[in-house]
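Only the coordinates and a few stated rules stand behind these numbers; no lab work does. All values derive from a computational prediction rather than experimental measurement. Don't worry about glycine lacking a Cβ; one is built from the backbone with ideal geometry, like all the others, and counts go over all protein chains shown.
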Amino acid sequence: MRNTDEYTKARVRSHPMQCWNCKRFAPKLIEELNSEKPNEKYIGNLEVVGKPVATEFNGKMYWRYKVWTGEYKMNFGHFCMQKCATSWANKQVWNIKKRTNKGDPVDGNHKFEQLKEMRNKLSNHFNRH
Ligand SMILES: [Zn+2]
């Protein structure tokens, strides 16, 4: 069983990802860029999101842009939110339990214990915050 952090560490990919639990897609990874010189406009090839925000400083205009990096970011690893991670882990435990009750041998039991542990770790992990 992998470390639970690996399941819930923020994950950035260049392709769309779906939450393992609710199947929602990961949002686009947006970065903010500020012009370094007065009146400098963004000329890079990333997609600009929304309108740039102007700030005046010493009588000069500076711009803040939001750009899409071309990547997607799932905030909690395979899950869009903490709740999804715990609820997914709970479902896994439940599924294995069902299978185990139907007489699935040792392997099932073993997995069940691991998943139970993972679920507990996940809830500990989240309750700390
Ligand atoms: Zn989700």
Read phi for every residue in the stretch 20-37 and hand back ³J(HN,Hα) as whole Hz from Karplus 6.51 cos²θ - 1.76 cosθ + 1.60, θ = phi - 60°, with x for Gly and Pro. 4, 8, 9, 6, 5, 7, 5, x, 5, 8, 9, 10, 9, 10, 10, 5, 8, 9
What does the charge count around ASN21 come to, taking other residues whose C-beta lies under 11 Å from its C-beta (Lys +1, Arg +1, Asp -1, Glu -1)? +4
Report the local net charge at TRP63: Lys and Arg +1, Asp and Glu -1, summed over other residues whose C-beta lies under 13 Å from its C-beta. +2
For the stretch 5-80, with only Lys/Arg (+1) and Asp/Glu (-1) charged at the beta-carbon, what is the dipole magnitude about the Cα centre, in debye rounded to 20? 240 debye
Each residue of the stretch 73-81 in turn: what ³J(HN,Hα) in whole Hz from Karplus with 6.51, -1.76, 1.60 and θ = phi - 60°, glycine and Pro shown as x? 10, 9, 5, 10, x, 8, 10, 7, 8
Would you please give the residues with an amide H less than 5 Å from that of GLU71, counting only those at least 5 places away or on a separate chain, with H modeled from the backbone geometry? LEU29
Nearest-0.05 FRET efficiency for LYS9 and LYS116, computed from C-beta distance (R0 25 Å): 0.70
Going fewest to most other Cβ atoms within 10 Å around each Cβ, PHE79, PHE57, PHE112 line up as PHE57, PHE112, PHE79
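Could you tell me which of the pairs LYS28/LYS91; LYS23/LYS83; LYS9/LYS83; LYS91/LYS121; LYS23/LYS98; LYS23/LYS73 are separated by over 19 angstrom between their Cα atoms in the structure shown?
On the way: LYS28/LYS91 28 Å; LYS23/LYS83 13 Å; LYS9/LYS83 14 Å; LYS91/LYS121 15 Å; LYS23/LYS98 23 Å; LYS23/LYS73 14 Å.
Violating the 19 Å limit, Cα to Cα: LYS28/LYS91; LYS23/LYS98.
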Residues with amide H under 5 Å from that of ARG24, placed H, sequence gap 5 or more: CYS19
